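A short write-up of the structure that comes next.
The values are calculated or read from the model by the stated rules, or taken from the named source; none is laboratory data. Bear in mind that the values here come from a model prediction, so they are computed numbers and not experimental data. Cβ placement follows ideal geometry from the backbone for every residue including glycine, while neighbour counts extend to all protein chains displayed.
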Amino acid sequence: CWLRLLLAVAALEEDAALPYGLLIGKRCYRIAAPPPAVARQLLSDLIELRNHGLQQVLPLPLRTAAAHADLLNWKSGPPIDRARQAYLDEDANWHYFFPRFNDLLDAWPGRFEELSARVVGPINDRLERWRPSGDDLA
């Protein structure tokens, strides 16, 4: 949803009406689109990260990063503790590169936190709880 939203908005004129995305699950969330120039910059950042990721493993398991950034109100507690807990349930492939959460942190000190803020932060900044109403159908 986020990537498609960025791609759609990046092609718009700066003064165009901005669309939004919806995440429907146990709860519903609305993701507000950033302005076109911001969308283009975010896409550029994601492409840069992808290129780095083709050369080396980036310490960015997404479920763990989402917990660190408090995306979707993960759990209470300090960000690093939420991430540590989420890493236990992360895809097993991550544990091949980083057997323990501390290995992920120690690989490039500060890098996990920076990548988490860079990738998940912009989503979290634009996410809000949403409930359908008659106004949304117009």
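A few points about this structure:
- Checking each residue in the range 6-29 for being under 14 Å from the mean Cα position of the chain (by Cα) and modelled with pLDDT of 95 or more picks out only 6.
- Selection status of residue 4, exposed (fewer than 13 other Cβ atoms within 10 Å of the Cβ) and of a type in the set (Lys, Arg): yes
- Scanning the range 87-112 for residues that are without any contact (Cβ under 8 Å) to a residue 24 or more places away in the chain and not aromatic (Phe, Trp, Tyr) yields 88, 92, 93, 95, 99, 100, 102, 103, 106, 109, 110.
- For the range 19-37, a residue qualifies if it is hydrophobic (A, V, I, L, M, F, W, C) and exposed (fewer than 15 other Cβ atoms within 10 Å of the Cβ), and the qualifying residues are 22, 24, 28, 32, 37.
- With respect to (1) without any contact (Cβ under 8 Å) to a residue 12 or more places away in the chain; (2) under 17 Å from the mean Cα position of the chain (by Cα), the lone exception for residue 63 is condition (1).
- Count - residues of the range 1-20 that are of a type in the set (Phe, Trp, Tyr) and free of Cβ contacts under 8 Å to residues at least 24 places away in the same chain: 1
- Remark: pairs (first residue in the range 21-43, in a helix (DSSP H, G or I); second residue acidic (Asp, Glu); Cβ separation under 6 Å; 6+ apart in sequence or on different chains) = 36/14.
- Applying a threshold of 9 Å to beta carbon distances and a minimum spacing of six or more residues, or different chains, the list of pairs starting in the range 122-138 at a residue that is within 15 Å of residue 6 (Cβ to Cβ) and ending at one that is modelled with pLDDT of 90 or more and assigned to a loop (DSSP other than H, G, I, E, B) reads 122/34; 125/34; 126/33; 126/34.
- Any hit, the range 36-49, residues being under 30 Å from residue 100 (Cα atoms) and touching a Ser or Thr at 6+ places or on another chain (Cβ under 8 Å): no
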